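Written out below as structure tokens is the structure these notes cover.
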Amino acid sequence: MSAPRFDGKVVLVTGAAQGMGRAIAVHMASLGALVAVNDRVDDPRLHELAHELGGYVAVADVSDRAAVFAMVADVRDNFGPIDVLVSNHAYMTMDSFLSYDSADWWRVVKTNLAGTFWLIQAALPDMRSSGAGRIVVTSSIWGVIGWPEATAYSASKAGLISLVKTLGRELAPENIVINAIAPGVTDTPQLQVDADSAGVPLTEMHKIYAQSIPLGRIGKPEEIARTVAMLADFNMSALVGQTIQVNGGEVRSRV
Amino acid sequence: MTNTRNAVVTGAASGIGAAVMRELQGRGWRVAGLDLRAAGSDCDVITNMADGVAVNSAIAEVEKCLGPISAVVSAAGHYEIIPVLDITEPVWDRMLSVHLGGAFNLARAVLPGMIERRDGAFVAVTSELAIGGGDGDSHYAAAKGAIIGFVRSLAAEVAPHNVRVNAVAPGPTDTPLLAADSPWREPGYLATLPARRLAMPEEIALVAAYLIEDATFAVGEIISPNSGAVI
């Protein structure tokens, strides 16, 4: 076969205004995909990205089930039925367990875990109609190993791994294939949250993280994007329900 | 990305090795095939991977033929189902020396150059049976499981030199390694797989190519295209 191509495929990428989501949208478009780019608010960055890629702006707060279904219907009616869902969005806060604001704790879980659940529910009918689909979910290294003061985020990302395992089994007979990525420390704006929590500047945070990574550096969003393309490849359906770790060797484990 | 597009694939004469060779060639790589018989590669070297001295001279020959090597895939292997008490010492030794020894010998031969050039991707082929085990698979699973431990350790050791070590762990795959009457081909077994079918060698090759070309931040990772046999 050959390196993945997505000519004419409609790909919905959530959390696409910046960071990994933006890199995924750019990479998938470079491989021929028609990309619908989602984020929580109607951000000029989304419009610029959609314009640049010939894509479609799809705004919704994914923690809101009705908003997700309305967004997916809008993409379907005005851009095309969804072939590939990349559930990449995330919301993260950090706090010690007993002082964590419970509303904020649940907001993390509702955005990351439930949001992915609603997206899959909304996009599945398109995939069933066409007889094939690919779903790629962004989990996290912290969903694999946990992290202090990240109880909500780690729980939500670990939940995604189990959701992917279960839906891998449930959907593969229909040629709807779901897998996850667990990125390690990656150079995205989200790292500012970690830096703030640690009370150090962002550049210092990068150095601190790189020290515990065998490859000696943090990851780039483009490296995650290339993994998404591999997992979304319609020429491959033997890879099912797996979580691919892309972390520079910081964690080497079975997920 | 790697600096050259020269690769070595062991077990290139058939099955997964042959599919990996074709996939890499299709992406512009020149591939040397190491096998017990001719692989039809860009530089065939008849090699017994269990023999460390032979592997060293094979790699030297490949470097003369192609130049510096940026990627290797250790796919040589054999498979047999034997109840544990029937596994004799020679059978055990052969299984370990081909699979684990083959990966070890290949790593010893190619890593000095990769480390010196700070450029390399090493991909080992292990197995779903290394993760989940199987009835009658104890020596095969032991050998393939050892490869996983080897890969994760080697990965941590050489990553600082910008050499990435990873593995692919296929499930039952439609290759000559599975005989026509293999239990892995029985419809009753295939029905238990989420994908409902054997993996194709071309799919395993796509994962190997990903690990070489695109997985530039993956280190010590084991990817499992196994039709959902082990999730």
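The values are calculated or read from the model by the stated rules, or taken from the named source; none is laboratory data. A quick note: this is a predicted structure, and the numbers were derived from the prediction, not measured. When we count neighbours, we look across all protein chains shown, and the Cβ atoms used for this are built from the backbone with ideal geometry, even at glycine.
Listing for the model above:
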read-out	value
Among (1) part of a loop (DSSP other than H, G, I, E, B); (2) over 24 Å from A:LEU163 (Cα atoms), the one test that A:ARG45 misses	(1)
Residue within the stretch B:83-96 that is within 23 Å of B:ASN56 (Cβ to Cβ), acidic (Asp, Glu) and either outside any helix (DSSP H, G or I) or touching a Gly at 6+ places or on another chain (Cβ under 8 Å) (or both) present	no
Filter result for B:ARG164 (under 30 Å from A:GLY184 (Cβ atoms), of a type in the set (D, E, K, R), in a helix (DSSP H, G or I) and within 11 Å of another protein chain (Cβ to nearest Cβ))	no
Within the stretch B:24-36, tally of residues that are outside any strand (DSSP E or B) and either more than 17 Å from the chain's Cα centre (by Cα) or more than 22 Å from B:HIS78 (Cβ to Cβ) (or both)	6
Options A:SER63, A:SER2; residue that is hydroxyl-bearing (Ser, Thr, Tyr), surrounded by fewer than 17 Cβ atoms within 10 Å (Cβ to Cβ) and not in a helix (DSSP H, G or I)	A:SER2
Residues located in the stretch A:12-24, provided they are touching a strand residue (DSSP E or B) at 6+ places or on another chain (Cβ under 6 Å) and either surrounded by fewer than 21 Cβ atoms within 10 Å (Cβ to Cβ) or closer than 11 Å to A:ALA58 by Cβ (or both)	A:LEU12, A:VAL13, A:THR14, A:ALA16
Any hit, the stretch B:189-197, residues being part of a helix (DSSP H, G or I), within 11 Å of another protein chain (Cβ to nearest Cβ), among the hydrophobic types (A, V, I, L, M, F, W, C) and buried (at least 16 other Cβ atoms within 10 Å of the Cβ)	no
Test result for B:THR192, among the β-branched types (Val, Ile, Thr), at pLDDT 95 or above and more than 27 Å from B:ALA103 (Cα to Cα)	yes
Counted residues, the stretch B:210-231 - those being in a helix (DSSP H, G or I) and either more than 7 Å from every other protein chain (Cβ to nearest Cβ) or touching a Pro at 6+ places or on another chain (Cβ under 8 Å) (or both)	3
Selection status of B:ALA205, part of a helix (DSSP H, G or I), closer than 24 Å to A:ILE176 by Cβ, among the small types (Gly, Ala, Ser) and within 13 Å of chain A (Cβ to nearest Cβ)	yes
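One line per residue, one yes/no per condition, for (1) of a type outside the set (Ser, Thr, Tyr); (2) in contact with a Ser or Thr (Cβ under 9 Å, 6 or more places away or on another chain); (3) farther than 23 Å from B:ALA167 by Cβ:
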position	(1), (2), (3)
B:SER41	no, no, no
B:GLU63	yes, no, yes
B:VAL73	yes, yes, no
B:ALA103	yes, yes, no
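Matching residues to (1) within 13 Å of chain B (Cβ to nearest Cβ); (2) under 22 Å from A:VAL108 (Cα atoms); (3) without any contact (Cβ under 8 Å) to a residue 60 or more places away in the chain; (4) buried (at least 24 other Cβ atoms within 10 Å of the Cβ):
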site	(1), (2), (3), (4)
A:ILE181	yes, yes, no, yes
A:PRO189	no, yes, no, no
A:VAL200	no, no, yes, no
A:GLY219	yes, no, yes, yes
A:ALA225	yes, no, no, yes
A:LEU239	yes, no, no, yes
A:ILE244	yes, no, no, yes
A:GLY248	yes, no, no, yes
